[in-house]
Amino acid sequence: MDHLSSGKAKRLATLFSGLAECMCFAGVIFGWASLVFVLKDLHYFKDLCVPIANQTANSTLNEGCRAQDEQFSLVFTIGSFMNNFMTFPTGYIFDRFGTTIARLIAISFYTTGTLLIAFSSEATAMILFPALSFLSVGGILLILTNMQVGNLFGKHRSTIITLYNGAFDSSSAVFLIIKLLYEQGLKLNTMFLFISACSAWHLVRTFFLMPRHHIPYPLPPGYTYGVSCQRRSCSYRTYEEQRCPKSSDEDETHDSDTLHADSVLGEEHLTTKVIAGKGNPGVASNSEKPAVISFWSCVCSKLFFWHLVWLSVMQLRHYLFIGTLNPMLEQLVVLMSNYTNAFAFTQLCGVICAPWNGLILDRHKRGQKKEGSSRGVPDSLADLRSCVLSLAITVLQCMAFSICASIPVLPVQYATFILQVLSRSFLYGGNAAFLAVAFPLEHFGKLYGLVMGLSAVVALLQYPCFTLIKGPLKGDPFYVNIGFIVLMLLALVSPLMVFWECQRRQKQQATLHNSDSPALIAGKPGLESSI
């Protein structure tokens with residue numbers, strides 16, 4: 001009983017400490033609009049505002065400061081690009097080498113980024129380019145390793161995954177706190193040195209509250225992690241790897257218990273053991289393993305392609321809004337600092353809004369499973385069908401946010417800020433939850449990294465869009481906003497595709513109800529046929 005109580009306490013400690021880590025560190029670069037105020041006050045890139053000969057003072061000042069704005073926009077564009085593009089190699093590292101190695105790399109990158117900003121100055125403003133990139137890569141690795149914590153809480157898994165993504169969004173308010181403290185007299189380098197020192201906290205979580213490899217799903221009985229096992233490095237291994245030297249009789253008993261658990265948990269548990277890549281050879285040596293869907297089969301599927309479109313279109317919309325917020329407010333109000341603060345404060349609500357998407361997924365999933373169980377529908381198909389509503393709601397939120405952003409009325413921008421943080425929270429949480437449901441868990445890190453990396457290439461379009469707004473459109477983003485509203489219709493194809501795929505799989509499952517097809521045993525029926 002004490003062991004169960006301590007195990008529950010440890011899982012809760014892992015959950016809340018990970019939540020604090022994501023909220024305070026992982027996505028700070030998206031508070032860039034607040035940090036720009038501080039950097040401008042410290043005269044970063046101020047040399048671009050120097051008047052050029054043979055031009056009037058007013059025209060050169062406006063042109064020069066426009067170049068300064070473009071330089072800050074370029075810093076954010078590259079940083080946000082690295083945030084997504086590097087997710088694929090880091091996702092591969094996470095899948096291949098496990099949690100500990102991935103987190104140590106994340107901590108190294110993050111600390112390097114904060115130290116570069118701490119020791120930067122007006123004369124070395126170019127350091128911001130690598131600094132923001134290091135912050136981006138380190139932050140995305142922190143959220144990637146933390147999302148698996150949802151596996152510890154069974155039926156609440158989707159809620160926790162979206163909660164962590166909401167915390168990632170809320171961390172953008174950290175730069176607002178830095179801005180407010182700077183206005184109270186604190187130095188920028190002092191604050192970033194403090195953030196660098198917090199790396200010690202990340203190290204403690206890495207070794208004591210996180211697994212060495214991965215947290216499996218569904219969670220097997222007796223699963224432990226972190227430095228707590230009495231025996232040598234036993235706690236670092238996942239349940240499938242745990243094989244502390246005991247008597248052969250105990251091993252046989254353990255094997256028997258494992259097989260019994262497999263029969264109780266059903267086909268999904270068997271699939272997880274295979275796809276985890278670290279199955280117990282003693283159990284599987286005399287049994288035939290189910291077929292495992294390959295990584296490239298997942299990548300070439302229609303589900304993955306349209307999900308990539310779904311993410312890319314809405315992510316580009318959000319990035320462009322963040323990158324052009326200051327110039328947009330300059331067109332509407334002189335005291336834009338108050339509106340920038342309001343925008344940053346709304347980002348704190350991400351951790352509150354994101355779990356709503358998870359609750360929609362988990363609640364709808366349970367309803368689908370109850371309905372599907374009476375029809376003989378596999379749980380995996382019910383899980384996938386539950387994503388349709390979440391994907392569609394996210395698109396509608398982003399369209400509403402884009403419509404409000406296109407209205408050049410100041411009070412309306414408060415509604416824009418609220419809809420933006422709501423949409424962004426649903427976007428990233430829904431992205432992670434969908435990939436975890438629609439594809440095998442062994443490929444989650446790589447698929448998550450690939451979809452984020454490819455969407456990052458699309459996100460590079462934000463810089464030419466920014467140049468278009470500042471140049472030919474003379475600072476008015478109205479036509480660009482209208483274009484994005486039309487483009488958003490493409491994102492609606494993804495939930496429709498998931499719905500059609502669920503219908504197709506259900507018909508296939510009904511036809512092959514008595515078949516021993518490996519695809520059905522794997523719980524992912526007919527994915528290859530959707531390529």
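Looking only at residues in the range 108-135 that are of a type in the set (Phe, Trp, Tyr) and surrounded by fewer than 19 Cβ atoms within 10 Å (Cβ to Cβ), which one is nearest to ALA200 (Cα to Cα)?
Start the filter on the range 108-135 by keeping residues that are of a type in the set (Phe, Trp, Tyr), which leaves 109-110, 119, 129, 134.
When the remaining residues are screened for being surrounded by fewer than 19 Cβ atoms within 10 Å (Cβ to Cβ), the result is 119, 129.
Values: PHE119: 20, PHE129: 25 Å.
Within the range 108-135, the match that is nearest to ALA200 (Cα to Cα) is PHE119.
From the residues in the range 461-493 that are hydrophobic (A, V, I, L, M, F, W, C) and not in a helix (DSSP H, G or I), which one is least open to solvent (accessible area, probe 1.4 Å)?
Ranking the qualifying residues of the range 461-493, first place goes to LEU473.
Applying the selection to the range 136-153, what residues are surrounded by fewer than 20 Cβ atoms within 10 Å (Cβ to Cβ) and either within 16 Å of the chain's Cα centre (by Cα) or over 29 Å from ALA433 (Cα atoms) (or both)?
none
When you go through ILE78, ILE105 one by one, which is the residue that is modelled with pLDDT of 90 or more, open to solvent by 10 Å² or more (accessible area, probe 1.4 Å) and in contact with a helix residue (DSSP H, G or I) (Cβ under 9 Å, 6 or more places away or on another chain)?
Values: ILE78 fails: modelled with pLDDT of 90 or more.
Every option except ILE105 fails the conditions.
For every residue, the table says whether it meets (1) under 26 Å from GLY445 (Cβ atoms); (2) in contact with a Cys (Cβ under 6 Å, 6 or more places away or on another chain); (3) assigned to a loop (DSSP other than H, G, I, E, B); (4) modelled with pLDDT of 85 or more.
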residue	(1), (2), (3), (4)
ILE293	yes, no, yes, no
LEU303	yes, no, no, yes
TRP306	yes, no, no, yes
TRP310	yes, no, no, yes
LEU316	yes, no, no, yes
PRO327	no, no, no, no
GLU330	no, no, no, no
VAL334	no, no, yes, no
TYR339	no, no, no, no
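Quick one: how many residues across the range 394-450 are of a type in the set (A, V, I, L, M) and open to solvent by 20 Å² or more (accessible area, probe 1.4 Å)?
Total meeting the criteria: 14.
Out of all the residues in the range 437-460, which are more than 20 Å from PHE97 (Cβ to Cβ) and in a helix (DSSP H, G or I)?
Those that are more than 20 Å from PHE97 (Cβ to Cβ) and in a helix (DSSP H, G or I): VAL437, ALA438, VAL451, LEU454, SER455, ALA456, VAL457, VAL458, ALA459.
Take the residues of the range 161-199 that are among the small types (Gly, Ala, Ser) and free of Cβ contacts under 8 Å to residues at least 40 places away in the same chain: which is farthest from PHE417 (Cα to Cα)?
Among residues in the range 161-199 that are among the small types (Gly, Ala, Ser) and free of Cβ contacts under 8 Å to residues at least 40 places away in the same chain, the one farthest from PHE417 (Cα to Cα) is ALA197.
Taking the condition open to solvent by less than 70 Å² (accessible area, probe 1.4 Å), modelled with pLDDT of 80 or more and more than 21 Å from the chain's Cα centre (by Cα), does MET497 pass?
Yes: the conditions hold for MET497.
Exactly one of these conditions fails for HIS156: (1) touching a helix residue (DSSP H, G or I) at 6+ places or on another chain (Cβ under 9 Å); (2) open to solvent by 20 Å² or more (accessible area, probe 1.4 Å); (3) farther than 27 Å from LEU209 by Cα. Give me its number.
The number of the failed condition is (3).
Of all residues in the range 159-177 being open to solvent by 10 Å² or more (accessible area, probe 1.4 Å) and more than 16 Å from LEU427 (Cα to Cα), which is farthest from the chain's Cα centre (by Cα)?
Top of the filtered list is ILE177.
The values are calculated or read from the model by the stated rules, or taken from the named source; none is laboratory data. It should be emphasised that the depicted structure is a prediction, and the values quoted were computed from it without experimental measurement. Note that we place each Cβ from the backbone using ideal geometry, even for glycine, and neighbour counts take in every protein chain shown. Keep in mind that these areas ignore ligands, DNA and RNA; they rest on the heavy atoms of the full protein, side chains included. Shrake-Rupley method; radii C 1.70, N 1.55, O 1.52, S 1.80 Å.
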